[in-house]
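Some notes on the structure that comes next.
The values are calculated or read from the model by the stated rules, or taken from the named source; none is laboratory data. Just so we're clear, the structure is a prediction, and the values are computed from it rather than from any experiment. As a convention, Cβ positions derive from the backbone with ideal geometry for all residues, glycine included, and neighbour counts pool all protein chains shown.
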Amino acid sequence: MNWQPKEDFSVTVKLLSAAKEIAEMFWHEESKYCLLCGMPSSSGVCSNCNKLYFCPEQQRCFSCGKLLENGSNQCQDCRKGHGPKFLDKVTTFGYYGGAWKQFIHNIKYKGQPYLLFALAQDLTSWAIKQLPPPDCIVPVPLHPNRLALRGFNQAEVLASILAGYLGISFKDILLRTKDTTPQAALGRQERLANLKSAFDLKPGVLIEGEEIWLVDDVVTTAATIGECAEVLKKFGARKVYAFCLGAGREKLE
Ligand SMILES: [Zn+2]
Ligand SMILES: [Zn+2]
């Protein structure tokens with residue numbers, strides 16, 4: 001029988017190496033541009049965007065996560081007692097504006113939560129620099145109706161990335177019991193009223209004495225993370241720290 005496997009095999013090898021070359025080309029292309037502004041960059045986010053949106057040198061209000069201008073570590077609102085009550089510290093990764101706001105919108109509203117994986121290392125480094133180590137990492141939940149519409153919970157993706165990177169237990173233990181009006185459409189007082197009793201702990205979960213990182217995408221008035229922290233503390237959590245992707249800047253009067 002005149003069988004010539006060698007020739008067929010070499011065609012396969014040629015095809016495979018061509019496919020690898022194409023893949024490498026795209027991989028290389030992808031890593032050459034900033035994820036936020038699209039300009040050429042040797043790292044995932046260029047130094048300009050890093051400065052503009054991640055503001056690593058800038059203080060955050062430890063009570064609500066807002067970025068501060070005046071060198072203190074707490075904003076005026078929180079100093080007056082208007083901040084969330086049950087959080088031991090809040091940190092935010094970046095300023096919620098411009099290209100970073102657009103990036104977060106793409107994650108949430110354009111169904112691109114995988115974009116977060118490209119920043120996994122940066123997000124994790126920031127979190128461990130700012131917060132004490134936790135026993136577990138808990139995402140702010142979406143109401144089942146909203147989850148059904150969106151198909152995923154961005155806070156859950158973020159929390160699981162941090163948990164996976166750090167080897168810390170991921171616990172999806174909170175329930176959103178009220179399908180509330182989106183917070184963005186409301187004023188401060190309305191937000192607080194809107195969220196009253198909107199969260200609960202899943203039945204049978206024990207968190208007595210635990211130190212928890214609570215994770216959400218954006219913090220505005222901190223009403224959402226405040227309500228979640230209240231539930232966690234009510235059920236015995238010893239400390240609750242929050243990590244969010246973005247927050248606004250303090251507006252000084
Ligand atoms: Zn950039
Ligand atoms: Zn504050």
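The figures follow:
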quantity	calculated
Residue within the stretch 102-110 that is within 16 Å of ligand 1 (Cβ to nearest atom), of a type outside the set (S, T, Y) and either farther than 28 Å from D179 by Cβ or buried (at least 18 other Cβ atoms within 10 Å of the Cβ) (or both) present	yes
Tally, over the stretch 166-191, of residues that are in a helix (DSSP H, G or I) and at pLDDT 95 or above	1
Residue satisfying condition, being within 14 Å of ligand 2 (Cβ to nearest atom) and at positive phi, within set G98, G65	G65
Given (1) touching a Phe, Trp or Tyr at 6+ places or on another chain (Cβ under 8 Å); (2) at pLDDT 95 or above; (3) more than 16 Å from ligand 2 (Cβ to nearest atom), number of the condition S41 does not satisfy	(2)
Any hit, the stretch 221-237, residues being without any contact (Cβ under 8 Å) to a residue 60 or more places away in the chain and among the polar types (S, T, N, Q)	no
Given (1) within 16 Å of ligand 2 (Cβ to nearest atom); (2) over 18 Å from L36 (Cβ atoms); (3) buried (at least 20 other Cβ atoms within 10 Å of the Cβ), index of the condition A127 fails	(1)
Looking only at the stretch 97-142, and only at residues there that are free of Cβ contacts under 8 Å to residues at least 40 places away in the same chain and not in a helix (DSSP H, G or I), the one that is nearest to C64 (Cα to Cα)	L142
Exclusive hit being away from ligand 1 (no atom under 16 Å from the Cβ), among the β-branched types (V, I, T) and crowded, with 24+ Cβ neighbours inside 10 Å, set V231, V240, V218	V240
Condition check for L67: away from ligand 1 (no atom under 16 Å from the Cβ), in contact (Cβ under 8 Å) with a residue 24 or more places away in the chain, in contact with a Lys or Arg (Cβ under 6 Å, 6 or more places away or on another chain) and hydrophobic (A, V, I, L, M, F, W, C)	yes
Which numbered condition N50 fails, given (1) touching a strand residue (DSSP E or B) at 6+ places or on another chain (Cβ under 8 Å); (2) among the polar types (S, T, N, Q); (3) at pLDDT 95 or above	(1)
